Every structure is written in C-alpha cells, then in structure tokens.
Amino acid sequence: MSATDHLVIFDTTLRDGEQSPGATMNKAEKLRIAKVLEKLRVDVIEAGFAIASQGDFEAVKSIAENIRESTVCSLARALDKDIDRAAEAIRPAERGRIHTFIATSPIHMKYKLQMEPEAVIEQAVRAVKRARGHVDDVEFSCEDAGRSELDFLCRIIEAAIAAGARTINIPDTVGYAIPEQFGDTIRQIMTRVPNADQAIFSVHCHNDLGLAVANSLAAVVQGARQVECTINGLGERAGNASLEEIVMAVRTRQDLFHLDTRIDTRHIVPASRLVSTITGFPVQPNKAIVGANAFAHESGIHQDGVLKHRETYEIMRAEDVGWHTNSLVLGKHSGRNAFRTRLLELGIQFETETELNEAFARFKALADLKHEIFDEDLQAIASDTRQKEEAGRYGLVCMRVCSETGVVPRSSITMTVDGKEHTVEAEGSGPVDATFKAIESLVDSGCTLQLYSVNAITSGTDAQGEVTVRLERGGRIVNGVGADTDIIIASAKAYIEALNLISREGIRQHPQIADV
C-alpha cells in the first residue's frame, strides 16, 4: 500500500479518551488496552500525557517497553519540560513519536495563552525543533484549529514543517466544525502551505455537535491521511471520532475514498468490550458497528430480506468486525489451559500465576452459577481479579441484605479499611441505597454520587450485572465498576472500587487548561 492510499489510524483512547470524566485508567489497564490496539494493528497509539503525573509517565513508558508493532506516542505542550518528559517516556519504544501542540485560535491565544500570534509561532517552532532533537517522528497540532484564522494556520503550519514536524494535526477541539466547511479548510491549507508535501495531514475531531466522524471523513476526502480517533468514540465532553466508524466507513466505501487502513477489523468488537469494561462506560445498543443491535433485525421485511440475501439490509458482515466472538467459548468443564488460551485470544494476560489462579477460581465459581460463559464474562472476571490484587484502602469481605415487602430494606456489610475489618449496618429506600449508606457510615468519604448505572453483561436472568458508580470529590471524578451475578454485591464492589480510586491518586494535570 503506497503513502497516498494508506489512511493512518492514530488511536488516542489512552490519552484523550481517558479525559472523559471518570474514565481514568491505571498502568495495567492502559497496557491491556494498548496490547489489544496493537493486535488491532493501529498505526499510532497515543499512550498518554507523560508530564501530567507520575502515573501517566509510567504508563507511557510501560507501553513503550511492550508494544513493538505500533508507534508509541506521548502528548506534550510546547514546553521544554513537557517535551523532555515525553522523550524520556517513549525512549524504550521500537518506534516513538512526540506530539506537541499549542493553541492557535484568537480566543485561546488571547485568553488562555495571553500571547501574541508571533510569539505563538516562535514557541511552536522551538518546541518542534526540541522534539526533533529527541526523535525523528514529530507531530504538531494547532489546538482549536476549527476556530483559528486560516491565514495564521497556514503560517504556523509552514513554520512547523520547516522546523521538522512530519505530521500536522488540524483538531476541531471544541466540535464546532461542519463537514463541508471543515473539508474545505483542509483543502485550502494543503493547497496554500508551500511545504505541505513534506508532511502527512491529520485531523482530530470532537463530537459536540455529533459530527466528529463526518468531519473526519470530509477531511479524508480532501487529502488528510491520518485520523485521530478512539475506541467507542470515548473522549471528553461528547467524545471523539469513533475508530470503528471511521475504519468501517472507509473499508465499506472504498468506491468513494480510494484508500484503506491496515486495521484488522476482526478485533474491533473485542477492543470495544475491553474499553467499555475498563472505563465503565457501557456501549449504547444502537451504536454503529459495536452496539448490541448493530446487526439485529426485528422488522419482518428486513428479516426476510437478510435470510434470502444478506446484502439486502446489511452492508457489512458481523463476523468481519468480531461479532463471531459472541459465541459460547467456555463452560464448567473447561480446563485451566483452555481458560488461559481464551484469555490470551482476548488480549488478557496476567503478570503472575497467582493472578491467573485467582481468575480461574472465579471462572469456576461463575460456571457453577450460570451454564454459559461468554467473552464479556471473562473480561469482567479479569477486571475484577486485577481490582482485588491491587492494594486499596477498602475491601469487601461479606454482606447481607434484607429486602421484603412492607419492611424497610437493611444492609449489613463487613469490609476492610487499611487492613482492619469492620461491620456496619444501615437502612435505605432500597437494598442498594442501604448498602451505600452502610459503607458511608464507616468511611465518611465526603463524595457525591453522580451516577449509578446497571448493565447486564450478557443475556439471560443468570447474567452477571455490571454496575458503574461515579463519585465526585473536590472536583475529581472517578468511575468504579463491579460485576457479579448478584446485583447488590456488584453495587458494593463498584462503590468500594470508586472509593479506592478517589483515595489513591491526586488530580491529574489537564493539557487543555494547564498554563503554557
């Protein structure tokens, strides 16, 4: 595939996706997702914002040490300290990239940066040159390009390319663009910048108006050859362009785009499930490509047509994006080796035999409760095992809940706090409310419950319930996730995980609001 017909897929699930309120991931979770992205054959993995925190730095470095088939990238503001930190984090990578950025819109330059346009260009050039001193692969982004003046964009892009940037990213940072207008902006930039032929042009679109994918594809039609996107469209505010939608649109409509990606689409659905499980953000049933209803047909006319000839109502094959993995894979008689093999196929690998043994024991216990074990169940078991293995202030030991007609529900829960067991009781308007009140009577966290969500992991009354609890304290938001065939136990697990998360780490520095 030549440079002109290859669309580079730049995945920023681990960086921009993590900026979704409550979607913070730890190092082990980021590495799990990175390995699945590598299996998906993503060209570039933006592993994080190395200077944001020690945890972010270590996660980027761990991914750089373990990923060999994809380029590993770290974000950096146009500051020496950011660029040097990013370079240090990606140093172990087979192929590393530094992605540096500065705001270019009048509103950002005036109110956020408080810099004159000429000073912004000077800083951008200095940043690109410093990054090129570390690596050959440097990407430069014009933050808020969607609201930037075209003449200024052309000037700063020409200067960045001359300084050594080999990828130029045009982000619609606030999701303001309209497809026809955005595509024309890309066309004009590529036409007017004298040295445009020395760089690949990229787009990074946000979904505030629901147009992220449409804007990205409009840019591709006009010559952009890299799209920055995320699994499930994860991202701050309304999210980013969805990787699965970009890839399958290009793959399905090659008559229009005349290019393709190198993505192995069979891993799209497993990647979607993993990101959803780790972040606690369920995929809506009618989500394109990866939603539960994406290939479902209820209308009698549609069903009849599909049965006679699939292409009457389906433009893609479900198995081409990984839906064949929905089939039953393991049962109560499956052995440890079969269990390990299936986990590896799903991109799940435990660091120690102890963790694997714990997960296998949980699998056997679950298999005694339900006859059919699906991949989603295995993802939940893996996440639950890792949560238990990680040290946290709080832990669930056991619980008992009483809920009957005409009686106020009561929950009694035994949990550990800093290794010491405590038993507490509380009443509530329902069993979940009573459980949360019992926990709070002991820990007095000062948190506000922002979201309580229940999602059935698979079908059937014996399905595991996956509960997401979102807590906020002091401006920090975290999501706790718990899974169990007993929804009350799953709720307690999720609440306790959220408490552990909010007590474990400080507030991460945010690249969009940090001082430049």
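General remarks:
- Of the residues making up region 200-215, those that are over 16 Å from VAL250 (Cα atoms), surrounded by 24 or more Cβ atoms within 10 Å (Cβ to Cβ) and touching a residue at least 60 places away in the same chain (Cβ under 8 Å) number 1.
- Sole residue being assigned by TED's automatic domain parsing to the domain that holds ALA131, closer than 30 Å to ASP197 by Cα, assigned to a loop (DSSP other than H, G, I, E, B) and not β-branched (Val, Ile, Thr), chosen from ALA93, ALA76, ALA52, ALA87: ALA93
- Against the list (1) part of a helix (DSSP H, G or I); (2) charged (D, E, K, R); (3) crowded, with 21+ Cβ neighbours inside 10 Å, the condition GLU228 fails is (1).
Residue-by-condition table, conditions (1) outside the structural domain of SER20 (by TED's automatic domain parsing); (2) touching a Ser or Thr at 6+ places or on another chain (Cβ under 6 Å); (3) without any contact (Cβ under 8 Å) to a residue 12 or more places away in the chain; (4) not in a strand (DSSP E or B):
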| residue | (1), (2), (3), (4) |
| --- | --- |
| LEU449 | yes, no, no, no |
| SER453 | yes, yes, no, no |
| THR458 | yes, no, no, yes |
| THR461 | yes, no, yes, yes |
| GLU472 | yes, yes, no, no |
| ILE477 | yes, no, no, no |
| GLY480 | yes, no, no, no |
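- Test: residue in region 119-131 that is in contact with a Ser or Thr (Cβ under 6 Å, 6 or more places away or on another chain) and within 30 Å of GLY322 (Cβ to Cβ): no
- Checking GLY235, GLY223 one by one, the residue that is part of a loop (DSSP other than H, G, I, E, B) and surrounded by 24 or more Cβ atoms within 10 Å (Cβ to Cβ) is GLY235 and no other.
- Boolean, GLU29 is crowded, with 20+ Cβ neighbours inside 10 Å, touching a strand residue (DSSP E or B) at 6+ places or on another chain (Cβ under 8 Å) and outside any loop (DSSP other than H, G, I, E, B): no
- THR435 satisfies every condition listed in (1) within 30 Å of ILE33 (Cα to Cα); (2) of a type in the set (Val, Ile, Thr); (3) in contact with a Gly (Cβ under 8 Å, 6 or more places away or on another chain) except (1).
The values are calculated or read from the model by the stated rules, or taken from the named source; none is laboratory data. None of the values given here were measured: they were computed from a predicted structure. Because the Cβ atoms are built from the backbone with ideal geometry, glycine has one as well, and the counts that use them run over all protein chains shown.
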